[in-house]
Amino acid sequence: MEGAAQLVSVESQPLLPFALSISEILYRIFKELSIPDCFATALVCRTWVDAALDFIWKDLDSPHPLLLLLGTITFGSNWDWDDGFPQTDWARFQSYSKRVHSITYDGGIYEGCGFALEHMSPEFPVKLLYYVAINQGTYLLPRNRAIRWVATQDCELQLLIPLISSEIDEFSIDVSGCTLQASSRLLRALSRLLPPNLRVFHFKSIPEETPDEDVRTIIRLQNSLQELKVPALALEPIMLKPGLRVLEARCTADSGLTPKQLLDALADACPLLKEIRLTFARECHLTFDSIRPLLRCSKLRTVDLEYPGRWDLDKSDVKALGKAWRRLEALNLCSRRDYPGLQSSHGIPMSMLPRFARYFSHRLRKLALFLNTEDMPRLPYEAIPFPNLKFFAVGTSPLGSEMAVSAVTAYLDAVLPPRDWESGFPNGDWARFESYMKRVRSFSYDGQLYNDGEFARDHLTPDVPAKLLYYVATNNGGYLLPHVLKIRWRASTDNNLQLVLPFLSPTLQGIDVEAQWEVSSSATRRLLRSLHSVLPHDLVSFRFVPNEEGLDGLEAGIEHVIVGRTNLQTLRIPTCPMNATMFIPKLRILETECNSTWNSGPEYPGGVDLDEKHIKEMGSAWRDLEALHISARRWHDGPIDSSVGTPIASLVVFIQSFSPKLQKLAIYLNLSDTPAPPDPPVSFPSLEFFSVGTSELGYSAEELMKVLQFLGAVLPTRIEFVNSDVPGYDWSRSIFQPHEDGRLTTHPTWDALSGMLLRVRKVGPNEA
């Protein structure tokens with residue numbers, strides 16, 4: 001009885017805490033989850049189903065899921081609208097559609113779905129609305145509040161009509177890929193369907209294909225707009241709504257009002273304006289007096305004025321702008337298009353930059369100015385105090401000679417604020433920083449892939465590594481990565497080559513550095529001198545590949561790094577000639593180059609006269625050999641004749657002489673005299689990779705068939721592809737190692753033979 005009572009007591013306990021059944025708490029939890037996580041939570045229990053589905057369906061990035069709920073509709077010679085959607089479960093449809101609050105569609109991205117196909121009937125939207133109203137008795141999406149639509153063809157425009165509801169307050173559409181007639185039809189329909197209390201309205205189109213009057217009709221009916229973006233439409237008084245916060249439009253002389261009159265009306269009608277973007281036509285003849293009315297808009301945070309003419313700002317004008325716009329975060333006074341006749345003299349003088357820094361508030365983070373670079377001022381004595389400036393642009397400001405480029409660069413370097421190395425990283429949470437950095441054991445960086453971030457910019461001061469180490473040591477009391485064991489660094493410029501230094505530590509066991517692209521030999525030598533001093537003496541692995549164009553004089557630097565590090569087990573320096581410095585007792589892996597003082601190496605552009613005796617001698621000595629490569633992959637002074645390779649018939653001797661442990665074989669073959677397949681048949685028992693390097697394959701059908709038959713006999717069936725190489729392509733990597741994209745370098749001729757080999761093994765030689 002006690003067991004039964006205890007069992008009842010356990011079963012009577014709730015499965016979930018009461019707090020996790022309260023909708024407000026669930027809302028806060030699910031708001032932090034991703035969509036896949038919401039799918040998982042919807043399967044937990046019935047209590048969570050509604051809350052999870054609300055988040056899954058709240059913001060749709062395509063209408064396709066809604067169409068899947070409609071089931072099928074009959075299509076014969078035409079759509080069967082008489083029967084509607086006979087298989088649709090309208091109760092189920094409504095249970096999902098009522099959860100949708102926003103829907104997005106981009107015809108340029110979301111292709112392949114039946115929703116956007118051109119063969120869909122133009123009557124579909126109207127008929128869909130009709131059947132939804134009859135069967136569901138409401139809107140298709142009764143709670144939809146936002147539509148964001150990009151149409152690339154006319155048929156996609158009408159399809160958004162059924163998605164409109166009385167709750168819509170944000171409507172954004174791009175009709176740049178549609179005709180003027182289709183856009184006009186849509187706008188006329190929208191003028192009747194859109195509710196009169198829209199908060200956001202965006203309409204993007206090509207200026208020549210813009211139905212101006214239809215757009216004005218919609219704007220005229222909307223009195224609650226807070227955000228209006230119509231970049232192809234000329235600014236008019238009807239756009240000036242009292243609650244407007246964001247405005248984007250064109251400003252032309254066609255309205256009959258001057259720019260000053262328009263902006264004067266704007267400042268009076270829109271006191272809450274925070275962001276404005278206006279593109280002025282050249283015939284507007286813009287002056288500071290024209291934009292002076294905007295000084296009354298004291299809440300502005302972004303001002304973007306594009307004008308392809310002369311800016312006549314003087315010191316007092318800049319002072320007036322800064323004094324009026326105390327909350328400004330972004331300012332653009334430049335052109336970004338190639339206007340005819342635009343000259344450097346039309347820009348703002350370079351000497352005005354200190355005035356912008358002096359009179360604008362510390363909130364300014366982005367500044368773009370069309371600069372006059374013809375009259376360069378003298379360099380100032382100190383940097384301009386832009387305390388928070390993160391972005392600076394000059395638009396399409398023209399530059400003349402190389403001398404002008406140098407002068408502008410020098411002036412900008414002098415006036416823009418440098419990195420504040422005096423105070424280090426004042427916002428750095430060093431305790432938190434250390435809690436993460438001490439966990440790092442391996443660190444990689446590739447300058448070719450990560451070239452957009454500030455970390456890899458060329459303008460980064462060369463003092464970054466030393467300064468970074470200094471401040472980490474001062475504030476953190478240790479190394480940047482105190483427990484790192486392995487570093488792999490690929491640099492594409494001189495600056496990001498030096499940036500490897502702060503990540504070194506006494507615990508480092510292996511380092512792999514590649515200096516590529518624009519890295520100079522002088523920067524490489526500086527790094528080698530630093531590595532000689534700071535790398536731990538018990539280093540286990542060292543790989544260094546310099547830029548091919550900067551090899552001169554680097555051998556001595558590489559040797560200095562190696563000397564004294566007697567614990568090295570892996571040494572890969574493929575561009576450095578072999579010498580006695582590299583003969584380290586504990587060495588397990590060696591990759592280097594052999595010059596004329598040595599006879600030959602594993603990669604050799606001459607004749608490798610391996611006869612049966614030599615092959616048997618190698619096989620007898622190397623009983624544990626798993627990979628063997630004897631071929632050339634580089635461009636050499638003279639062509640490599642195919643006759644200097646190892647005869648293809650010698651593959652049989654390799655099979656008989658080498659142990660079953662051999663899994664990878666790359667060899668330069670002589671294919672001039674290919675014999676018949678061996679009889680009795682023999683093949684490599686464990687071979688998984690086979691490469692012919694840059695071996696030359698003839699183009700005659702007879703030669704191809706002989707090589708195909710011989711290789712098909714001696715290679716195991718698990719090898720379906722004969723690897724090959726292209727001379728000069730990234731030879732610093734092992735022939736057995738794939739490139740970053742996962743592929744091995746191949747030659748088209750050998751690719752064709754590999755395809756023939758695969759077909760022979762699948763369908764048989766006769767059918768192939």
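Name the single residue that is farthest from S530 (Cα to Cα) among those in the range 548-571 being modelled with pLDDT of 80 or more and open to solvent by 60 Å² or more (accessible area, probe 1.4 Å).
Q569
Just checking, how many residues over the range 249-296 are among the small types (G, A, S), at pLDDT below 85 and either touching a strand residue (DSSP E or B) at 6+ places or on another chain (Cβ under 8 Å) or surrounded by 15 or more Cβ atoms within 10 Å (Cβ to Cβ) (or both)?
Filtering the range 249-296 for residues among the small types (G, A, S) gives 249, 253, 255-256, 265, 267, 269, 281, 290.
Still in the list and also at pLDDT below 85: 253, 255-256, 281.
So of that shortlist, the ones also either touching a strand residue (DSSP E or B) at 6+ places or on another chain (Cβ under 8 Å) or surrounded by 15 or more Cβ atoms within 10 Å (Cβ to Cβ) (or both) come out as 253, 255, 281.
Residues that pass the stated criteria total 3.
Consider G453 against the criteria (1) at pLDDT 70 or above; (2) under 29 Å from L328 (Cα atoms); (3) open to solvent by less than 70 Å² (accessible area, probe 1.4 Å); (4) under 24 Å from the mean Cα position of the chain (by Cα): it satisfies all of them except one. Which criterion is unmet?
(1)
Here's a check for you: in the range 669-708, which residue that is hydroxyl-bearing (S, T, Y) and within 15 Å of T749 (Cα to Cα) is modelled with the lowest pLDDT?
By that ranking, first place goes to Y699.
Return the total of residues in the range 415-433 being at pLDDT 70 or above and either under 19 Å from L501 (Cβ atoms) or of a type in the set (A, V, I, L, M, F, W, C) (or both). Reasoning before the result, please.
Our first condition is that a residue be at pLDDT 70 or above; within the range 415-433, this holds for 415-416, 429-433.
Now restrict to residues that are either under 19 Å from L501 (Cβ atoms) or of a type in the set (A, V, I, L, M, F, W, C) (or both): 415-416, 430-431, 433.
Number satisfying all stated conditions: 5.
Give the residue, chosen from I173, I219, I238, that is open to solvent by 20 Å² or more (accessible area, probe 1.4 Å) and either touching a residue at least 12 places away in the same chain (Cβ under 8 Å) or on the phi > 0 side of the Ramachandran plot (or both). Can you show your working first?
Values: I173 fails: open to solvent by 20 Å² or more (accessible area, probe 1.4 Å); I219 fails: open to solvent by 20 Å² or more (accessible area, probe 1.4 Å).
Result of the check over I173, I219, I238: I238.
Please note which helices (runs of 4 or more DSSP H) are completely contained in the range 205-317 and include at least 1 residues that are touching a Leu at 6+ places or on another chain (Cβ under 8 Å) and farther than 30 Å from D154 by Cα. If you could, list the steps in order and put the result at the bottom.
Working: elements: 212-221, 259-269, 288-291.
So the answer is 259-269, 288-291.
Is one or more of the residues making up the range 183-195 part of a loop (DSSP other than H, G, I, E, B) and touching a Pro at 6+ places or on another chain (Cβ under 8 Å)? So that I can check it myself, show each step before the final result.
Our first condition is that a residue be part of a loop (DSSP other than H, G, I, E, B); within the range 183-195, this holds for 194-195.
Within this subset, residues satisfying the condition of being touching a Pro at 6+ places or on another chain (Cβ under 8 Å) are none.
No, the range 183-195 contains no residue that is part of a loop (DSSP other than H, G, I, E, B) and touching a Pro at 6+ places or on another chain (Cβ under 8 Å).
Among the residues of the range 129-146, are any in a strand (DSSP E or B) and either at pLDDT 65 or above or in contact with a helix residue (DSSP H, G or I) (Cβ under 9 Å, 6 or more places away or on another chain) (or both)?
To start, the set of residues in the range 129-146 that are in a strand (DSSP E or B) comprises 146.
Within this subset, residues satisfying the condition of being either at pLDDT 65 or above or in contact with a helix residue (DSSP H, G or I) (Cβ under 9 Å, 6 or more places away or on another chain) (or both) are 146.
Checking the range 129-146: at least one residue is in a strand (DSSP E or B) and either at pLDDT 65 or above or in contact with a helix residue (DSSP H, G or I) (Cβ under 9 Å, 6 or more places away or on another chain) (or both).
List pairs: first in the range 47-65 and farther than 15 Å from S102 by Cβ, second open to solvent by 30 Å² or more (accessible area, probe 1.4 Å) and in a helix (DSSP H, G or I), Cβ under 7 Å, 6+ apart or cross-chain?
Sorted first by the residue in the range 47-65, then by its partner, the pairs are T47/S21; A51/S23; A51/Y27.
Please go through the range 572-588 and pick out each residue that is touching a residue at least 24 places away in the same chain (Cβ under 8 Å), under 15 Å from S541 (Cβ atoms) and either among the hydrophobic types (A, V, I, L, M, F, W, C) or open to solvent by less than 20 Å² (accessible area, probe 1.4 Å) (or both).
I573, P574
Quick one: is P162 touching a residue at least 12 places away in the same chain (Cβ under 8 Å) and surrounded by fewer than 20 Cβ atoms within 10 Å (Cβ to Cβ)? Full working, then the answer.
Numbers: touching a residue at least 12 places away in the same chain (Cβ under 8 Å): yes; surrounded by fewer than 20 Cβ atoms within 10 Å (Cβ to Cβ): no.
So P162 does not fit the description; no.
State all residues of the range 297-319 that are surrounded by fewer than 17 Cβ atoms within 10 Å (Cβ to Cβ), acidic (D, E) and either touching a Ser or Thr at 6+ places or on another chain (Cβ under 9 Å) or at pLDDT 90 or above (or both); if no residue qualifies, say none.
The one that is surrounded by fewer than 17 Cβ atoms within 10 Å (Cβ to Cβ), acidic (D, E) and either touching a Ser or Thr at 6+ places or on another chain (Cβ under 9 Å) or at pLDDT 90 or above (or both): D312.
The values are calculated or read from the model by the stated rules, or taken from the named source; none is laboratory data. Just so we're clear, the structure is a prediction, and the values are computed from it rather than from any experiment. All Cβ positions, even for glycine, are placed from backbone atoms using ideal geometry, and neighbour counts span all protein chains on display. Note: accessible area is taken over every heavy atom of the protein model, side chains too, but ligands, DNA and RNA are not part of it. Shrake-Rupley method; radii C 1.70, N 1.55, O 1.52, S 1.80 Å.
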